[in-house]
Amino acid sequence: MQVQIVQISAKDTLPLRHSVLWPDHPVDFSRVAGDESALHFGAHVGGKMVSVLSLFKNESAMQLRKFATRSDCQGQGVGTLMMRHALSVAEASGADRVWLSARESAMPFYAKFGFQPFGDVFFKESQPYRNMQISLPDQSLASSA
């Protein structure tokens, strides 16, 4: 499978954010404060966008948000390529860490890159989440995923 990762606009993230993350909510539910100043990336396979994620600069850290991959493309390495790209961009931007809020069901995916949970479980729309973070540079991300 040939995957091309490109920088995209905030607007371009919305269809996948909506259909994958919160399909039972209005599209506006998938917008995030700060979207216009964040970095957004899309993975294309066969000319179609199949995964998106966004990076928000937060002092010396970057927050990864709204990571969505089409269900028919999950488990095929697209998310891994996107995560490696995001961590590379964050490190190149001078961030000392990347953090995110993970659905509990997705925590094993993030853990394989070296993300560690911090803080207590919290809920969004009855979904349990945990915050996770990784310090940069962390060479374990290059070989563990």
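Quick rundown of the values:
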| read-out | value |
| --- | --- |
| Single residue of segment 101-120 satisfying the filter (in a strand (DSSP E or B) and touching a Phe, Trp or Tyr at 6+ places or on another chain (Cβ under 7 Å)) that is modelled with the lowest pLDDT | 103 |
| Given (1) out of contact with any His (no Cβ under 8 Å at 6 or more places or on another chain); (2) aromatic (Phe, Trp, Tyr); (3) surrounded by 12 or more Cβ atoms within 10 Å (Cβ to Cβ); (4) closer than 21 Å to residue 133 by Cα, index of the condition residue 22 fails | (4) |
| Verdict on residue 141 being aliphatic (A, V, I, L, M), at pLDDT 95 or above and either closer than 24 Å to residue 18 by Cβ or surrounded by 17 or more Cβ atoms within 10 Å (Cβ to Cβ) (or both) | no |
| Restricting segment 1-16 to residues that are of a type in the set (Val, Ile, Thr) and over 14 Å from residue 67 (Cα atoms), the residue that is farthest from the chain's Cα centre (by Cα) | 3 |
| Cross-chain or 6+ apart pairs with Cβ under 6 Å, segment 36-61 first and acidic (Asp, Glu), then crowded, with 16+ Cβ neighbours inside 10 Å and at pLDDT below 95 | 36/10 |
| Among residues of segment 89-105, those that are of a type in the set (Gly, Ala, Ser) and surrounded by 14 or more Cβ atoms within 10 Å (Cβ to Cβ), counted | 4 |
| Candidate set from segment 32-61 (those that are surrounded by fewer than 16 Cβ atoms within 10 Å (Cβ to Cβ) and part of a strand (DSSP E or B)); member that is modelled with the highest pLDDT | 48 |
| Residue match in segment 43-63 (condition: under 21 Å from residue 80 (Cα atoms), out of contact with any His (no Cβ under 9 Å at 6 or more places or on another chain) and of a type in the set (Phe, Trp, Tyr)) | yes |
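The values are calculated or read from the model by the stated rules, or taken from the named source; none is laboratory data. Values in this document were obtained by computation on a predicted structure and should not be read as measured data. So basically every Cβ, Gly included, is an ideal-geometry build from the backbone, and we count neighbours across all protein chains shown.
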